[in-house]
Amino acid sequence: MGRSATTKDAHALFHSLRSAYAATPNQLKIIDLYILFAVVTAVIQVAYMAIVGSFPFNSFLSGVLSCVGTAVLAVSLRIQVNKDNKEFKDLPPERAFADFVLCNLVLHLVIVNFLG
């Protein structure tokens, strides 16, 4: 009996999350897909390292840190661009995107430098 109640609660939670996400603007959904892509790429790199090995370890670290860093910066962009977030209401979306691009440039310069 407790199991069916748990299943019913899980379905209700999933339905409420799905309906709330349907109201999300397309701009934020595109950023969400970019974040998902970066995280999946990092997971694939870790799986590849686990299967094949990590001979050039600095290359592995650079790839994974690039994906994780890009995902973190994209999450920051999503927070700043979200209209429901009252903390960044005075920040124009163009400025948030410029910050994202500049920070990505610095991140990848550091990663290329780490490669050697």
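Worth a mention:
- Label point 7 Å beyond Cα of Val106 along Cβ direction - residues of the stretch 48-68 with amide nitrogen under 17 Å: 66
- At 0.692 mPa s and 37 °C, Stokes D of the stretch 1-81 from Kirkwood alpha-carbon radius, µm² per second: 215
- Here the calculated FRET efficiency for Asp84 and Asn26, from their Cβ-Cβ distance with R0 = 22 Å, stands at 0.90, rounded to the nearest 0.05.
- Anchor Lys29: lysines whose Cα lies under 21 Å away (excluding residues fewer than 8 positions away in-chain): Lys83, Lys86, Lys89
- Per the Kirkwood formula applied to alpha carbons, the stretch 41-116 shows a radius of gyration over Rh ratio, Rg over Rh, of 1.13.
- For the chain, calculated [θ]222 nm from helices alone, where every DSSP H run of n ≥ 4 adds -39500 (n - 2.57): -29000 deg cm²/dmol
Each reported figure results from applying straightforward, stated rules to the coordinates on display, with no laboratory input. Because the structure is a prediction, the values reported are computed rather than measured. Counting neighbours? That spans all protein chains shown, and the Cβs are built from the backbone with ideal geometry, glycine included.
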